[in-house]
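Some notes on the structure that comes next.
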Amino acid sequence: MDLVALTAGCALALVLGLGVVLAVGVAGRRRLEVELDTVHGELRDLRSRLDRLAGTDGDAGADGVTTPRAEDGTAAEYLITSLADEASEPEDPSLVTSGQFASIAVGESLVRVVSLAHGVRRALSPEQRNRIRFEMHREVKRSRRQRRREVNAARRHLRAQQADGREPGLAEDAA
């Protein structure tokens, strides 16, 4: 097969593929438009039914949502008396569903990872590195001074023993 025939075959396959993709896309869009029109119609029916049941003639707002009106013409106010349906609560609060368990496990792990990342980021900041370097330098100086004091005290002790004419014993060396 020569190069021209291969190129023509690839171009034909590409055009056919694009045609299939477009046909599927158009069919899907038409199906979604039909479903959307159906939902809009059902929503209109539900609003009219709700208005009939509520006994109010609601005013349609700019967004198309009907707002029930009180007798004096002001918008009716609603009082929410509970946030959750009591029947949806499980009988035993110690029982956790698999979804709740996954949410808890992922949430705790995520909190740990985020706090570790925050701590590492904070520890590697220039201010923290400078502070740590300063503290280490101060600690090294303090330990050198302490060692120098101990060596000087040991020398004084040794000189005092030699001045008394005593030689240091093994018991004193161990101390």
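Condition check ((1) part of a helix (DSSP H, G or I); (2) at pLDDT 75 or above; (3) of a type in the set (Lys, Arg); (4) touching a Ser or Thr at 6+ places or on another chain (Cβ under 6 Å)) across all residues:
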position	(1), (2), (3), (4)
107	yes, yes, no, no
110	yes, yes, no, no
127	yes, yes, no, no
131	yes, yes, yes, no
140	yes, yes, no, no
149	yes, yes, yes, no
157	yes, yes, no, no
166	no, yes, yes, no
173	yes, no, no, no
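Do we find that residue 70 is loosely packed, with under 10 Cβ neighbours inside 10 Å and at pLDDT below 60 in this structure? Spelling it out, it is not the case that residue 70 is loosely packed, with under 10 Cβ neighbours inside 10 Å and at pLDDT below 60. Select from the stretch 121-139 the residues that are surrounded by 10 or more Cβ atoms within 10 Å (Cβ to Cβ) and of a type outside the set (D, E, K, R) and list them in ascending order. 123, 125, 128, 130, 132, 134, 136, 137 - these are the residues of the stretch 121-139 that are surrounded by 10 or more Cβ atoms within 10 Å (Cβ to Cβ) and of a type outside the set (D, E, K, R). Somewhere in the stretch 26-40, is a residue closer than 30 Å to residue 77 by Cβ and either among the aromatic types (Phe, Trp, Tyr) or out of contact with any Asp or Glu (no Cβ under 8 Å at 6 or more places or on another chain) (or both)? There is at least one residue in the stretch 26-40 that is closer than 30 Å to residue 77 by Cβ and either among the aromatic types (Phe, Trp, Tyr) or out of contact with any Asp or Glu (no Cβ under 8 Å at 6 or more places or on another chain) (or both).
The values are calculated or read from the model by the stated rules, or taken from the named source; none is laboratory data. Computed from a predicted structure; not experimentally measured. Quick reminder, even Gly has a Cβ in these numbers, built from the backbone with ideal geometry, and neighbours come from all protein chains shown.
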